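Colleague: I have a structure here, written as structure tokens, and I will follow up with some questions on it.
What follows is calculated from the coordinates using simple rules that are stated; it is not laboratory data. Keep in mind the model is a prediction, meaning the values are calculated, not measured. With ideal geometry, Cβ positions are generated from the backbone for all residues, glycine too; neighbour counts draw on all protein chains shown.
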Amino acid sequence: MLHLFWAGMCLLGIAWGFGATLFGAEGDLMQALVQSVFNQSISAVELAIKLAAGLAFWMGLLRIAEHAGILTWIGKKLEPYLHHLMPDVPRGHPAYGHIAANMGANMLGLDNAATPAGLKAMQSLQTLNPSQHEATNAQILFIVLNTASITLLPISVMLFRAQMGAADPALVMLPILLVGLLSSGVGLLAVSYFQPISSHAKIWIFGIIGACAALLILLMALSPAPSEASASAGNSNLLSNVGNGLLLLTIAGILTMGLKKKLPVLDEFVEGAKEGLHTAFRITPYLVAMLIAVGLLRASGVMETLVSGMLWLANGAGFSGAGLETLPTGIMKSFSSSASRAMMIELMQHHGVDSLQGFVSAIMQGSSETTFYVLAIYCGSVGVVKIRHAVLCALLADAASVMVALAIGWLWY
């Protein structure tokens, strides 16, 4: 389906350009479209090359974390809480270990470890399924938790911000974590409307939402806006200090655990770094393809028309303010991670990485998963075709992620 979507984006941009030219649009749109193809191709390759160094470091570090048993430790801590959310799954069932490993890997940005663990979790939950083709309550809740991703280390987003010249790449770290927690709370509350969840778990969910909202307000009140002016002036930023401090403590903690487990940390790091380099070059063709498609939409005027239409709808619904240009990026994240990533990069190129648009789009990109991709691979892996209320609950979590990211931008800027 993605190949049809990508081809449609390219063809729409080209057709729109031809149509605008026939109707007398100002400027040479044909030349602009061709120039956009070349420019975006070069930009994508340059970005991937710069990204390779950062991915090598983080993938090396995360390999140490994985082999040091940090995922197992997270799993043991999460299992008691998961049982309150999934009362139909008996205590001690293997599914809890796989679910916890999946969530731990997602929190640490270990996508390569998260997907296999997630597939194993769905298979374990399927052993408790009396109707093999219809999703159980536990499977639905697990899917929603995956789509409303809670991320402690949004590595790829921070790396993209660094390569685009952000004054403080890690500034989005805590906002992404807060948005992930809040959207997960919304998703869990939506699930609780359709299926039984213990009252203790509901209190826990409301507690998370309240604590995150209070922390968000406090951080917004004590931190200056992350504009280029304040960053270049070297002003102290509480959120930046907290985020960078946690990042450094995470690095130190992973290395300490690796040494404590007597791992050959340098060898593990090198093996992980090799995987990071492979990952960087593996995503390069996708970056080229998607940036070309988005560039054609921008150069032809489609993107401007789409944003204008969304602004009109938002204003009609009573919403207004700058930053609504990021809505296509947030909406696209539910369908295609690579397309939304390309839109984020294009917004950063067009408005600036430290602009409101660049900042909000980075939060949107890092604080949610690709909903329909998760549904397809997880349900498809066990033959589930009736997913009941999973889509609705997951999309509600996605909508909450987009709106909270926008709210952060409006409050801060």
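Colleague: Taking only C-alpha pairs under 8 Å that are 6+ residues apart, what is the relative contact order of the range 49-103 in percent?
Modeller: 38
Colleague: Work out the length of the dipole vector of the chain about its Cα centre, built from +1 on the beta-carbon of each Lys and Arg and -1 on the beta-carbon of each Asp and Glu, and round it to the nearest 20 debye.
Modeller: Computed about the Cα centre, the dipole is about 1060 debye.
Colleague: First select every other residue whose beta carbon is under 15 angstrom from the beta carbon of residue 255; then total the charges, Lys and Arg +1, Asp and Glu -1.
Modeller: +1
Colleague: Using a 7 Å offset from the Cα along the Cα-to-Cβ direction at both residue 251 and residue 407, what is the distance between the two label points in nm, to one decimal?
Modeller: 3.3
Colleague: Only loop residues by DSSP count here, and only those with at most 16 other Cβ atoms within 10 Å; note down the trypsin sites (Lys or Arg not before Pro) in the range 245-309 that meet that.
Modeller: 261, 262
Colleague: Quick one: angle between helix 337-351 and the longest Cα principal axis of the chain, in degrees between 0 and 90, rounded to 10, please.
Modeller: Orientation of helix 337-351: about 50 degrees from the principal axis.
Colleague: Expressed as an acute angle from 0 to 90° and rounded to the nearest 10, what is the orientation of the C-alpha long axis of helix 265-300 relative to the principal long axis of the chain?
Modeller: 40
Colleague: Report the net charge of residues surrounding residue 161, where surrounding means a beta-carbon distance below 11 angstrom and charges are Lys +1, Arg +1, Asp -1, Glu -1.
Modeller: Cβ neighbours under 11 Å give a net charge of -2.
Colleague: Starting from the Cα-Cα distance between residue 79 and residue 11, subtract it from 0.36 nm times their residue separation and give me the gain in nm to one decimal.
Modeller: Gain on stretching residue 79 to residue 11: 19.6 nm.
Colleague: Using alpha-carbon pairs under 8 Å, 6+ residues apart, how would you state the relative contact order of the chain in percent?
Modeller: The normalised contact order for the chain reaches 30 percent.
Colleague: Once the other residues with Cβ under 14 Å from the Cβ of residue 395 are scored (Lys, Arg +1; Asp, Glu -1), what is the net sum?
Modeller: That sum, taken over residues with Cβ under 14 Å, equals 0.
Colleague: Another question, then. For helix 70-85, what angle does its Cα long axis make with the longest principal axis of the chain, in degrees from 0 to 90 and rounded to 10?
Modeller: Taking Cα atoms only, the helix is inclined about 80 degrees.
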